[in-house]
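What follows is a set of notes on a single structure, which appears directly below.
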Amino acid sequence: MLLRDTALLFGRYARQTLRSPFQIFFGVLMPLLYLLFFGPLLTGLPLGREGDSWQILVPGLLLQLGLFGASFAGFSIIMEKGWGVFDRMRVTPVSRLALLLGRVLRDAALFVFQAVLLVLAAIPMGLRAPVVGILVGFGFVALLSAALASLSYALALKLRTPQEFGPAINTLAMPAMLLSGLMLPMALAPGWLDVVSHLMPFRYLVDAVREAYIGHYTTPTMLYGVLVALGLTALAVTVGTRTFRSAGASLG
Amino acid sequence: MPIISTAGLARTFTGRNGPVEAVRGIDLTVRPGEILGLLGPNGAGKTTTLRMLTTLLPPTGGTATVAGHDLVENPAAVRRHIGYVAQSGGLDPQETVRSELVTQARLYGQDRAGAAARAEELAADLGLTELLDRRTPALSGGQRRRLDLAMGLTHRPEVLFLDEPTTGLDPGSRTDLWALVRRLRDEHGTTVVLTTHYLDEVDALADRLVIVDKGTVVAEDSPAGLKAAHGATTLQEAFLAVTGRGPAPADTTPVAV
């Protein structure tokens, strides 16, 4: 039942996304601009860790893409609530978890597709990395997108006023991006900033993808990255499902 | 055996300025095949009551059985037997009429072929066949309402809940919708619970009406019985007598505007 319902809803949302090329390609624009106009500045700089500048920047941009893209996923549910589509579906016997997973899987697929485009664009810029490492990177993008999209839907359902949603997400996403060292590795940071950044779960993800891009798959950094990514996703989907179950229980 | 029975059904919201008792305790019994009109002033708790009976909102007090299943213990079973059309409808502007009907049937467990057949059948039944491949924003108000209704009827529910089904419709579309509701009951024995502000609507359609005010049931009778009980010639007079909201005296100014 859950699998069938999830596949059904994934199909519906995927078709809606495919009908909107804007939605498909717009998300890749910001990281692409960083790649083109920021990436070349780093090529000669000492970045404090192994790997050339592209092997350090591209993993950061991949996660930036997931971070900003998936955090705003909740907007679509605010619209669906407004149209009455969300309640219409909740009146049917469809699995509550499928209502969440159908969307989240569409989001993960969309952001992995954008990640592929970004990596393809990075190759002529000078990126060289092992294929396995690149695939591992896509895996992290998928987990990060799924986790953040789940949290974004939960937040969108909790907020009483939809106009609070955009500012709330921006306020959370900006420090998350800066503190996880997506643009420049935290190896460059002074001690206090390095400590603070270790409190940010995304830091472990980006460090792990950077390891993968230089062909290191069995290091502690990779292990921490995988554990944090899986833990974050499990937590986020749990929070999301709870919120979907009780949706509508608040006033308004 | 009633198809809906509630005892003390209540819902309190936690608002910013303390608890808000939207529904204080509704006792309601609906017989199978009955058309029940739920009336009441704005804010009386009609929509909140419907949202509880349709499993969208968990009650904070009381008990209810809908279509043979306990609302709180087994909402999933209730969902399989009821249909609900919200006041604002529930159509996605990105979708076509056909895809909405097919998805809805699939959400109720039909396989692909069954869902496609059911979509055709519903469209034929509700005069939507010509419109199947249009996107929903291209429909007129009356056509949208028929599609909303078709969505609620996808799984041939035993109980259909309609929240202000004719608000915003022109007189012709309203009469069509009334005929459709009567046909559902006469041909399929469907129980219909509808809320409305139009007193002529319940007068023409409902076997029985329940007036809700400030979150409780304040009157319950057939339209003729209610008029007789209050010595009223119109349902409007009876309604105003029950809810105590007569025409405002000319010399009073509103407290707040």
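So that you can scan it fast, the table gives a plain yes or no per residue for (1) polar (S, T, N, Q); (2) closer than 27 Å to B:Glu34 by Cα; (3) touching a Pro at 6+ places or on another chain (Cβ under 6 Å):
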residue	(1), (2), (3)
B:Asn74	yes, yes, no
B:Val78	no, yes, no
B:Thr96	yes, no, no
B:Arg118	no, yes, no
B:Ala123	no, yes, no
B:Leu126	no, yes, no
- prompt: When both residues are 6+ apart or on different chains and their Cβ atoms are under 9 Å apart, which pairs have a first residue that lies in segment A:230-245 and is at pLDDT below 95, and a second that is among the basic types (Lys, Arg)?
  reply: A:Thr241/A:Arg96; A:Thr243/A:Lys158; A:Phe244/A:Arg90; A:Phe244/A:Arg96; A:Arg245/A:Arg96
task: List the number of the failed condition for A:Gly82; all other conditions in (1) surrounded by fewer than 22 Cβ atoms within 10 Å (Cβ to Cβ); (2) in a loop (DSSP other than H, G, I, E, B) hold.
output: (2)
task: Only one of these is more than 14 Å from chain B (Cβ to nearest Cβ), crowded, with 17+ Cβ neighbours inside 10 Å, in contact with a Gly (Cβ under 9 Å, 6 or more places away or on another chain) and free of Cβ contacts under 8 Å to residues at least 24 places away in the same chain: A:Met200, A:Met186. Name it.
output: A:Met186
message: It is to be established whether one or more residues within segment A:90-103 are of a type in the set (S, T, N, Q), within 26 Å of A:Leu232 (Cα to Cα) and away from chain B (no Cβ under 14 Å).
response: no
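Taking helices (runs of 4 or more DSSP H) that do not extend beyond segment A:96-194, which have at least 1 residues that are under 21 Å from A:Glu50 (Cβ atoms) and modelled with pLDDT of 90 or more? Even if it seems obvious, please write down each step before you answer.
Numbers: elements: A:96-125, A:131-158, A:165-179.
Passing ranges, in order: A:96-125, A:131-158.
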task: Could you identify the single residue in B:Gly141, B:Gly109 that is within 12 Å of chain A (Cβ to nearest Cβ) and at pLDDT below 95?
output: B:Gly109
task: Could you figure out which of (1) on the phi < 0 side of the Ramachandran plot; (2) more than 14 Å from chain B (Cβ to nearest Cβ) isn't true of A:Gly181?
output: (1)
Extreme residue, nearest to B:Leu126 (Cα to Cα), among residues of segment B:152-174 that are out of contact with any Leu (no Cβ under 9 Å at 6 or more places or on another chain) and free of Cβ contacts under 8 Å to residues at least 40 places away in the same chain: B:Ser173
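Looking at A:Leu151, A:Leu144, A:Leu159, A:Leu172 in this structure, which one is within 14 Å of chain B (Cβ to nearest Cβ) and not charged (D, E, K, R)? Let's see the steps before the verdict.
Working: A:Leu151 fails: within 14 Å of chain B (Cβ to nearest Cβ); A:Leu144 fails: within 14 Å of chain B (Cβ to nearest Cβ); A:Leu172 fails: within 14 Å of chain B (Cβ to nearest Cβ).
On inspection, the qualifying residue turns out to be A:Leu159.
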statement: Of the candidates B:Gly172, B:Gly142, B:Gly225, the one satisfying the condition of being within 15 Å of B:Val85 (Cβ to Cβ) and part of a helix (DSSP H, G or I) is B:Gly142
message: Among the numbered criteria (1) over 24 Å from B:Trp178 (Cβ atoms); (2) within 22 Å of the chain's Cα centre (by Cα), which one does B:Gln110 miss?
response: (2)
- prompt: If we keep just the residues of segment B:153-169 that are within 11 Å of the chain's Cα centre (by Cα) and not in a strand (DSSP E or B), which is surrounded by the fewest Cβ atoms within 10 Å (Cβ to Cβ)?
  reply: B:Glu164
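The values are calculated or read from the model by the stated rules, or taken from the named source; none is laboratory data. Source: prediction; values computed, not measured. So basically every Cβ, Gly included, is an ideal-geometry build from the backbone, and we count neighbours across all protein chains shown.
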